[in-house]
Protein chains: 2
Amino acid sequence: MQTLHFVLEENMLEVDCPCVTPEVVLKASGHVDKFTDLMVKDEKTGTCYRADHLLKDFCNEKLQKDLTISTEKAAEFRHVLAVLDDLSAEELGAKIKEYGITAPDTKNPLSDPYPFNLMFQTSIGPSGLLPGYMRPETAQGIFVNFKDLYYYNGNKLPFAAAQIGQAFRNEISPRQGLLRVREFTLAEIEHFVDPEDKSHPKYSEVANLEFLMFPREEQMSGQSAKIICLGEAVSKGIVNNETLGYFIGRVFLFLTRLGINRKRLRFRQHLANEMAHYAADCWDAEIESSYGWIECVGIADRSAYDLRAHTDKSGVPLVAAEKFSEPREVEKLVIAPVKKELGLAFKGNQKNVVEALEAMNEQEALEMKAALESKGEVEFQVCTLGKNVCIKKNMVSISKEKKKEHQRVFTPSVIEPSFGIGRIIYCLYEHSFYTRPSKAGDEQLNVFRFPPLVAPIKCTVFPLVQNQQYEEVAKEISKSLTVAGISHKIDITGTSIGKRYARTDELGVPFAITVDSTSSVTIRERDSKDQIRVNVDEAATVVKAVTDGLKSWEDIWTSYPHHSSESADD
Amino acid sequence: MQTLHFVLEENMLEVDCPCVTPEVVLKASGHVDKFTDLMVKDEKTGTCYRADHLLKDFCNEKLQKDLTISTEKAAEFRHVLAVLDDLSAEELGAKIKEYGITAPDTKNPLSDPYPFNLMFQTSIGPSGLLPGYMRPETAQGIFVNFKDLYYYNGNKLPFAAAQIGQAFRNEISPRQGLLRVREFTLAEIEHFVDPEDKSHPKYSEVANLEFLMFPREEQMSGQSAKIICLGEAVSKGIVNNETLGYFIGRVFLFLTRLGINRKRLRFRQHLANEMAHYAADCWDAEIESSYGWIECVGIADRSAYDLRAHTDKSGVPLVAAEKFSEPREVEKLVIAPVKKELGLAFKGNQKNVVEALEAMNEQEALEMKAALESKGEVEFQVCTLGKNVCIKKNMVSISKEKKKEHQRVFTPSVIEPSFGIGRIIYCLYEHSFYTRPSKAGDEQLNVFRFPPLVAPIKCTVFPLVQNQQYEEVAKEISKSLTVAGISHKIDITGTSIGKRYARTDELGVPFAITVDSTSSVTIRERDSKDQIRVNVDEAATVVKAVTDGLKSWEDIWTSYPHHSSESADD
C-alpha cells in the first residue's frame, strides 16, 4: 500500500541500507553528540527514569488530584508542562529538587539529570576498535548515498528516494504498547529539490483537499485545530511551500485510505521551539487514540542541513547542478591576498591571515575594500590567531570580475515525510474497531472494519456444512484465490456458520465465501452483512476485483443476485 | 514473489520479530556459547584473521602454484582442506605453526587461534545490565513465539510460520561482495510437524520433478552431482522424509522461476560431520557462480531440537497435542516410593532417594521390580548423593496401571528452509547476464534477462521523438501503469530510440512501450526484440497481464499485430 501510494506514484528510487552504521556517519548527522534524553537514577537502586517524564507526571498529578493548590501554583505547573521540552539538564534538576520529586518505586532520592544517548552501541569487526550504532532512523542511509541516487536519476532534480526498515532507539522507559518501543518500522521519503524552486508538478491534484489543520498561530493563541483548504494554507504561507503542501496532502489521502477516521486526524505545525534551527517548516500528522493525539507521520522541510553536514564531514560534495542552456555572465568577487607583503608583515602568522582574508563573505570584503580605499588600512579580526591585525592597502586586492558560468551548483533541500508504521497500525486498530449485537441480542460481537486493501486476510472460505462435496469446492476456490494472490483462510470445521462469520469479523476479514451448493456460492461483506450469489468459478475474480480496488462492493452488489441468509444465527 | 510462492501457497503465518534479542534467548539456542569462528591475531599489529581461511589459502596456494611438492605432501594438503571444518582450535594452531603460516599483510607471527563470537553485542535499556545481541538468524523469533502461533493456527499441526528480515553476523573478514557480509536479508520458514507423521498433503505435486542432486554417498565416493527424480530420492530414503522432500521441490521451483539456470543449481546433502548432531537431514541449494558453488538456501529437518532448547531454558512447554477421537487405554508405569520406610532408612537423605527413584525410566524401574521380587533388595545409585544405597522391597512399589488418555502431547519437529536473499540475488545477476552485438556490430551490449515477475522495473515508456503530443500520450500511459501497480520509467529525452532500448536492456527491463502515434503504440520484448502494436488504452493492461504471469509473451505475440522496427540502430 505504502509502495503503491508513494513509491510508484512518484517514481521514487528505493534503497535498503544497513542497520549497523559506522560511528562517523552518525557523528556527521549529529546523533552521536545530540541524540539524547535526560535521565535520572534512583541513588540507591540505580533504576533509571526519564527526568522529563517524572516532572510531567508530578505536575499532571498535582493539577488533577490536588484540590488544595493555589491558582498561582496551578499556573506554574501548567507553565512547566508547556516548556518541558525546552528545559536544560540544570533547569530540570532544579525543578525536581524544588518539588521534592523522588523515585516513583522506592521514594529514594534521585541523581542530577544527565544525558543518555538513545542509540544502541555495538562494535564492528573483530578488532573492537570500530564503534558502530544501530541506526536511529533510516534517513541517513539515503543522505550518504545521495551522489549515486542523483546519478541513477540521470542527474536531475527533483527526485525522491524511499526506504522502509527497522530503526532502533534504546528508550529509557518504553511505554504505551506499540507507541514507544525500542525497535520499530520506519518508512522515510527524502524528496530532493532545488531550494530556489519548491513547486511541485502534481500540486494541483491535492490543492483542493480540506482537512483538520492546526497551524502554529492557532496553537499559540489557545484555539483548536480547524478545517482548512490545503491550497489556501499554502498560498497564505501557513504551509511553507508547494512541495511540502503536496506531501501533506498525499499523507492525508494515504492515512484516510488506510481507514484512519478523518475527524480524528489533524496536521499540527511545529512551534518554533520544537523545530530544529535549520528546518524551514514541519507538520506532524497526529491521530487521536485512547492515548490522546499521537504523532504518526512527520513532514518536514529540512532545508539543506543533512547533505551539508555529510559534505562537511566526508569532504565529498553532495550537490546538484543546474546546467544553463547558455553560459551566463556573472560578477564574481575575487579576493587576492598579496602573500609577499603579508609575509613581511606577519611572518609565521601569514598563513592564518591569508585564510581569514579568503574566508570573508561578500559584504565583509566590500566593506574592507571601501575602508582600504578611503583610509589606506583597516583593523581585521583573525579568529585563528585570537586577535586583530592591521591590513594595509598593498596587502590584498579585492575586485569584482565578470565570469562565464555554465551551471549553478547548489546543495538540494530535502522534504522528508517520515512514517512510524507501528503507530499508524495501532491507531488503525482503534479507528477500525466496533461492536454490534449478535442476532440473538445476547452478546456484543467485535468487528474490525479494515478496508479490503489493507486487511491482512482478505477472504475466508467456509463449506456451509461438513460434507465432502462442499469441502472439495471450498478447496478449489482456495486454490484459485492462491493463484490470484489473495490471502485467505479456509475453515472446514463443523462450527455453526454464524460463529464462523463472527470469528472472522473479529479478524477484520472483509469477505466470506460460503459454499452451500456445488455450482454457486455466496459472498458476504463483513460490515453490511449483505450477501450475493456467484458461480463457483467467479468467486476468486470477484474478491480480487474488490481487494485490488478495481471495483467497490457497491459495484458488485448491483451486478449479482442477492442472497438472503436463512441460516441460523447471523 | 517469495510471499506468493511460499507464504500464500501454504497459508503460512507471518511474523516480524525484533532484531535486538535479549541474551537469554540466544543462550537457550546455543548461539552465545557456540556461534563462533576461530580467529588469529597478527602479534604485532593486532590485525585479525580467520584461522581456517589462512590455512585454506595456504594449502590451495601450495597445491596450485608450488610444483616442487611431493605427492605425499599434496595428499596431506588435500586432506587438510577436506577436514578443515572439523579442526579444533588446538589442531588449527598446530597446523599453522607446522606450516609456518604468518600474517598475510605483514609476515608477522600469529597468535594461537581462539574463538570469536560472531554476534554483534549491545546493551538493552539504560542500566547497562541487560546484554543483548543483534539476531544472527530470524528463526529464534519464531521458536520463542511457538505457543501463540500454534494457538493462531487453531492448535493444529502441521503449520508453518515465515519471517523475512535482517540478520547480523560480525564476520572476521567479509569478502566476495554480497556473499559474505555482516548484515543481510534472511527469509526463514519454520514448518512444524508431528515427528511421527512427516508426510505432506501436496507432496505429489513435486514428486515427479527431476534435477541435480548430490547425495552424501556420491560426495564420499568422489562422484559428482546427478539428475535424480525427487520422488525416487524420498522413496529410497536418500531424502529423509516427504515434508523435507516437498520443500526441496518447492525451493527448486522457486529458484528456477526467479531465473536461476537449472543446470547451475544443485541440491547437496550435508555430510555427517557438517550436520548438527540433532538434525535428521539437511540439503543445501547450491548455485554455481564465478565464485564456485554457493550455498544459497538450506533445507533442514532440525528435529525437535529448537523447541526443546527453549522449553528447557524458559520452563514454558513448547509442545503440541494430538486429541484422540476416543480416549485410549494405555499402560502407565507407576513408581510409588514408601516415604515412611525410606525416612527410617535414610533420614536426611530421604528426599534425594525419593527423587532418584521417581526419575527412573521404564526399563530401570522394571529391572528394579524384577530384582526386588527375586532378591528382596537391590543396590541403587543416587547421583545427588554420589553413592549407592540399598533399596528393600518395602521401600518402593512399582506397578503398571491402566489409564485412559485423551491426547498425546509431544514436541513438534521443525523443517526449516532458510534463504540467503542477497546470495540468491547475486547469483541471479550472474545467471541473467548476457551480451549481444549492437546493430552496427561495433560493440557488445549488456542485457539482463530477468523474468517479468522479478524485474525491478517492468516497463519503460518512450516517445519515439520529442514532440508534445507523443509526450502527452507517454504520460497518459505512465499514469495507467501506476494505477495498475506496474513499476516503470518514462524517458522523454531526445536520445535515439536504439540507445534508449540498450539502456533499459542493461537494467533488465522486460518491456518497452514506444509512442510513435497518438492512437497506437508498440511494445517491445527485451530478449527477442520482437514488437507488437496495441491501442494506447490497452498498453498497461497487456504489460500487466504478462508481468502478473497471467499470460506469456508468446500469448501476446499471437494476439496482436506485429511491428517491424524501421527505426535506426536497434
Answer with yes or no whether A:Arg135 is modelled with pLDDT under 95, of a type in the set (Lys, Arg) and open to solvent by less than 60 Å² (accessible area, probe 1.4 Å). no
Give the residues of the stretch A:480-502 that are crowded, with 17+ Cβ neighbours inside 10 Å, outside any loop (DSSP other than H, G, I, E, B) and within 10 Å of another protein chain (Cβ to nearest Cβ), sorted by residue number. A:Leu481, A:Thr482, A:His488, A:Lys489, A:Ile490
Against the condition touching a strand residue (DSSP E or B) at 6+ places or on another chain (Cβ under 8 Å), closer than 30 Å to A:Asp197 by Cα, outside any helix (DSSP H, G or I) and of a type outside the set (Val, Ile, Thr), how does A:Ser325 come out, does it pass? no
Quick check: is even one residue across the stretch A:43-51 modelled with pLDDT of 90 or more, in a helix (DSSP H, G or I) and farther than 30 Å from B:Ser487 by Cβ? yes
With the condition kept exactly as written, say whether any residue in the stretch B:505-517 is within 14 Å of another protein chain (Cβ to nearest Cβ), part of a helix (DSSP H, G or I) and surrounded by fewer than 20 Cβ atoms within 10 Å (Cβ to Cβ). yes
Of the conditions (1) farther than 29 Å from B:Gln140 by Cβ; (2) touching a Lys or Arg at 6+ places or on another chain (Cβ under 9 Å); (3) surrounded by 15 or more Cβ atoms within 10 Å (Cβ to Cβ), B:Arg264 fails just one. Which one is it? (2)
With a cut-off of at least 3 residues that are not β-branched (Val, Ile, Thr), name the strands (runs of 3 or more DSSP E) lying wholly within the stretch A:171-249. A:183-193, A:210-214
Please name all residue pairs, on different chains or six or more residues apart, with Cβ atoms under 6 Å, provided the first residue is in the stretch A:253-275 and is among the polar types (S, T, N, Q) and the second residue is at pLDDT 95 or above. A:Thr256/A:Arg262; A:Asn261/A:His431; A:Gln269/A:Pro215; A:Gln269/A:Trp283
Looking at (1) in contact (Cβ under 8 Å) with a residue 24 or more places away in the chain; (2) away from chain A (no Cβ under 14 Å); (3) assigned to a loop (DSSP other than H, G, I, E, B); (4) under 30 Å from B:Ile248 (Cα atoms), can you tell me which one B:Phe143 breaks? (3)
Of all the residues that make up the stretch A:125-137, how many are under 18 Å from A:His310 (Cβ atoms), within 12 Å of chain B (Cβ to nearest Cβ) and assigned to a loop (DSSP other than H, G, I, E, B)? 1
Residue check: is B:Leu55 open to solvent by less than 30 Å² (accessible area, probe 1.4 Å), part of a helix (DSSP H, G or I) and closer than 16 Å to B:Phe120 by Cα? no
If you check B:Glu61 against the conditions, is it surrounded by fewer than 19 Cβ atoms within 10 Å (Cβ to Cβ), in contact with a Pro (Cβ under 7 Å, 6 or more places away or on another chain) and on the phi < 0 side of the Ramachandran plot? no
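Take the residues in the stretch B:447-471 that are out of contact with any Gly (no Cβ under 8 Å at 6 or more places or on another chain) and either without any contact (Cβ under 8 Å) to a residue 12 or more places away in the chain or under 19 Å from A:Leu4 (Cβ atoms) (or both); name whichever of them is surrounded by the fewest Cβ atoms within 10 Å (Cβ to Cβ). Don't jump to the end; show me each part of the working.
To start, the set of residues in the stretch B:447-471 that are out of contact with any Gly (no Cβ under 8 Å at 6 or more places or on another chain) comprises B:458-464, B:467-471.
After this cut, where a residue has to be either without any contact (Cβ under 8 Å) to a residue 12 or more places away in the chain or under 19 Å from A:Leu4 (Cβ atoms) (or both) as well, the list is B:458-459, B:461, B:467-468.
Values: B:Lys458: 24, B:Cys459: 29, B:Val461: 26, B:Asn467: 13, B:Gln468: 8.
If we take residues in the stretch B:447-471 being out of contact with any Gly (no Cβ under 8 Å at 6 or more places or on another chain) and either without any contact (Cβ under 8 Å) to a residue 12 or more places away in the chain or under 19 Å from A:Leu4 (Cβ atoms) (or both), then B:Gln468 is surrounded by the fewest Cβ atoms within 10 Å (Cβ to Cβ).
Scanning for something among the basic types (Lys, Arg) and under 30 Å from B:Gly46 (Cβ atoms), does the stretch A:103-119 turn up at least one residue?
Of the stretch A:103-119, the ones among the basic types (Lys, Arg) are A:107.
Now drop any that are not under 30 Å from B:Gly46 (Cβ atoms), which leaves none.
No; the residues of the stretch A:103-119 include none that is among the basic types (Lys, Arg) and under 30 Å from B:Gly46 (Cβ atoms).
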Tell me, which residue of the stretch B:102-124 that is within 14 Å of chain A (Cβ to nearest Cβ) and over 30 Å from A:Phe35 (Cα atoms) is most open to solvent (accessible area, probe 1.4 Å)? B:Asp105
Which condition breaks for A:Ile425 when tested against (1) open to solvent by less than 10 Å² (accessible area, probe 1.4 Å); (2) in contact (Cβ under 8 Å) with a residue 60 or more places away in the chain? (1)
Residues of the stretch B:1-37 that turn out to be within 11 Å of chain A (Cβ to nearest Cβ), under 30 Å from B:Leu129 (Cβ atoms) and either touching a helix residue (DSSP H, G or I) at 6+ places or on another chain (Cβ under 6 Å) or part of a helix (DSSP H, G or I) (or both), as a count: 1
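Does the stretch B:396-403 contain at least one residue that is exposed (fewer than 11 other Cβ atoms within 10 Å of the Cβ) and either assigned to a strand (DSSP E or B) or in contact (Cβ under 8 Å) with a residue 40 or more places away in the chain (or both)? Quick ask: steps written out before the conclusion?
Residues of the stretch B:396-403 that are exposed (fewer than 11 other Cβ atoms within 10 Å of the Cβ), as a first pass: B:401-402.
In the following step, the residues that additionally are either assigned to a strand (DSSP E or B) or in contact (Cβ under 8 Å) with a residue 40 or more places away in the chain (or both) were identified as B:401-402.
Yes, the stretch B:396-403 contains at least one residue that is exposed (fewer than 11 other Cβ atoms within 10 Å of the Cβ) and either assigned to a strand (DSSP E or B) or in contact (Cβ under 8 Å) with a residue 40 or more places away in the chain (or both).
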Tally, over the stretch A:383-422, of residues that are farther than 21 Å from A:Glu329 by Cα and under 45 Å from the mean Cα position of the chain (by Cα): 16
Looking at the stretch B:146-181 only, could you name the residues that are open to solvent by less than 20 Å² (accessible area, probe 1.4 Å), within 14 Å of chain A (Cβ to nearest Cβ) and farther than 21 Å from B:Pro317 by Cβ? B:Ala162, B:Gln163, B:Gly165, B:Ala167, B:Phe168, B:Asn170, B:Glu171, B:Ile172
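The values are calculated or read from the model by the stated rules, or taken from the named source; none is laboratory data. Computed from a prediction, not measured in an experiment: that's the story for all the values here. Positions of Cβ are generated from backbone atoms using ideal geometry, with glycine treated the same way; all protein chains shown enter the neighbour counts. The accessibility values were calculated without ligands, DNA or RNA, using every heavy atom of the protein model including side chains. Shrake-Rupley method; radii C 1.70, N 1.55, O 1.52, S 1.80 Å.
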